[in-house]
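To start, the structure itself, in structure tokens.
The values are calculated or read from the model by the stated rules, or taken from the named source; none is laboratory data. For clarity, every value in this text was computed on a predicted model and none was experimentally measured. Because the Cβ atoms are built from the backbone with ideal geometry, glycine has one as well, and the counts that use them run over all protein chains shown.
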Amino acid sequence: LKDFEIGKGLGKGQFGQVHMVRTKAAPNYILAIKCIKKKKLQALDGGKQFRREVEIQSHLLHPNILRLYGYFFDEEQVYLMLEYAGGGELFRKLRDARDGRFDEPTAAKYIAQVTDGLTYLHSKRIIHRDIKPENLLLSLNGDIKIADFGWSVHAPSDRRTTHCGTPIYLAPEIARGKHEVYSRAVDLWALGVLIYELVTGDPPYDSNAQPRSVANRRTFLALLFRRSPTSLTPPSPIFSTSQLLKHAPSERLPLPKVKQHVWIQRHVRTSRSSQSGKTSQGSSVSATTVEH
């Protein structure tokens with residue numbers, strides 16, 4: 001830790017805090033250091049979940065996934081050296097947006113980038129299992145960085161039974177519990193919830209709905225889309241949302257088709273056109289550097 005200048009706090013989690021730091025040695029890289037108390041890890045599950053998180057994230061290399069460069073430890077804490085996401089949480093950006101929601105071009109850009117990141121994860125047989133705005137960070141350039149791999153799992157057989165995740169984003173097959181087998185399709189469900197939330201500012205069903213209500217198909221259909229958004233331009237993103245929020249995992253829209261959806265293609269193309277002529281800055285460099 002003595003090799004870093006400790007900067008502002010970036011957030012506080014279940015096991016510790018995250019700080020922005022700068023390396024003392026040139027060329028003065030800026031990183032995020034996640035400080036995790038060993039006692040809390042041991043008290044939870046002996047550190048098993050943490051070791052899995054580090055093992056998975058340290059092997060990932062994609063522009064829309066937060067990099068984990070390495071870790072070190074002392075007697076009391078473990079320190080993760082993470083890519084600095086200077087744009088903060090997507091959750092906070094959504095909360096501060098006008099009317100608590102994004103305009104369609106902005107939402108489409110974010111969804112396209114989350115889709116790219118998930119496509120990469122699934123190609124590596126990794127299920128994230130906790131996609132939500134709080135776990136999506138933004139780079140200084142405003143690009144998505146999928147973060148927080150605490151619930152992620154490497155599943156070569158694409159079959160899991162562990163009950164985990166955030167209730168409002170839980171797919172029915174997880175919400176039902178009872179060791180029901182599920183696959184990477186749970187991430188597709190969460191993506192459907194995310195799309196709706198980004199363009200309307202609300203979840204697609206009552207946020208007070210219990211997971212068991214979502215698990216029951218008839219009850220869920222009564223809850224779904226209770227607030228019909230009127231401000232969305234055709235073709236509406238609600239189409240892709242409804243194709244992702246299918247009770248049968250095999251019926252959910254595959255990630256390549258999400259990316260090809262006309263709503264995303266139109267708005268991403270518009271966004272690219274508006275950026276033409278501007279100098280782009282790489283989002284996949286190993287770390288941010290600072291000139292004195």
> Scanning for something assigned to a helix (DSSP H, G or I), crowded, with 18+ Cβ neighbours inside 10 Å and either touching a helix residue (DSSP H, G or I) at 6+ places or on another chain (Cβ under 7 Å) or modelled with pLDDT of 85 or more (or both), does the range 203-210 turn up at least one residue?
Replying inline: no
> Considering only the range 1-21, how many residues are within 14 Å of GLY86 (Cβ to Cβ) and more than 25 Å from the chain's Cα centre (by Cα)?
Replying inline: 0
> Can you name the residue in the range 100-127 that is farther than 24 Å from ARG266 by Cβ and without any contact (Cβ under 8 Å) to a residue 60 or more places away in the chain and is also surrounded by the most Cβ atoms within 10 Å (Cβ to Cβ) among such residues?
Replying inline: ARG125
> Inside the range 7-114, counting only helices (runs of 4 or more DSSP H) that do not spill past its ends, which hold 3 or more residues that are in the same structural domain as LEU253 (by TED's automatic domain parsing) and either touching a Leu at 6+ places or on another chain (Cβ under 8 Å) or not aliphatic (A, V, I, L, M) (or both)?
Replying inline: 90-96
> Based on what the data block shows, is GLU76 touching a Phe, Trp or Tyr at 6+ places or on another chain (Cβ under 9 Å) and among the acidic types (Asp, Glu)?
Replying inline: no
> What number of residues within the range 35-86 are under 24 Å from ASP116 (Cβ atoms) and of a type in the set (Lys, Arg)?
Replying inline: 2
>> Condition check: in a loop (DSSP other than H, G, I, E, B), crowded, with 18+ Cβ neighbours inside 10 Å and at pLDDT 65 or above. Does LEU253 satisfy that?
In response: yes
> With HIS267, HIS179 as the choices, which residue is buried (at least 17 other Cβ atoms within 10 Å of the Cβ) and modelled with pLDDT of 55 or more?
Replying inline: HIS267
> Out of all the residues in the range 94-111, which are basic (Lys, Arg) and touching a helix residue (DSSP H, G or I) at 6+ places or on another chain (Cβ under 8 Å)?
Replying inline: ARG101, LYS109
>> Quick test of your reading of the structure: SER157 fulfils all but one of (1) more than 23 Å from ALA112 (Cβ to Cβ); (2) of a type in the set (Gly, Ala, Ser); (3) modelled with pLDDT of 80 or more. Name the failing condition by number.
In response: (3)
>> I need a count of the residues in the range 35-61 that are surrounded by fewer than 15 Cβ atoms within 10 Å (Cβ to Cβ) and under 17 Å from ASP3 (Cβ atoms).
In response: 0
>> Filter the range 24-34 down to the residues that are touching a strand residue (DSSP E or B) at 6+ places or on another chain (Cβ under 7 Å), surrounded by fewer than 18 Cβ atoms within 10 Å (Cβ to Cβ) and on the phi < 0 side of the Ramachandran plot and list them by number.
In response: LYS24, PRO27
> Which one is modelled with the lowest pLDDT among residues in the range 1-10 that are out of contact with any Gly (no Cβ under 9 Å at 6 or more places or on another chain) and either surrounded by 12 or more Cβ atoms within 10 Å (Cβ to Cβ) or farther than 20 Å from ARG92 by Cα (or both)?
Replying inline: LEU1
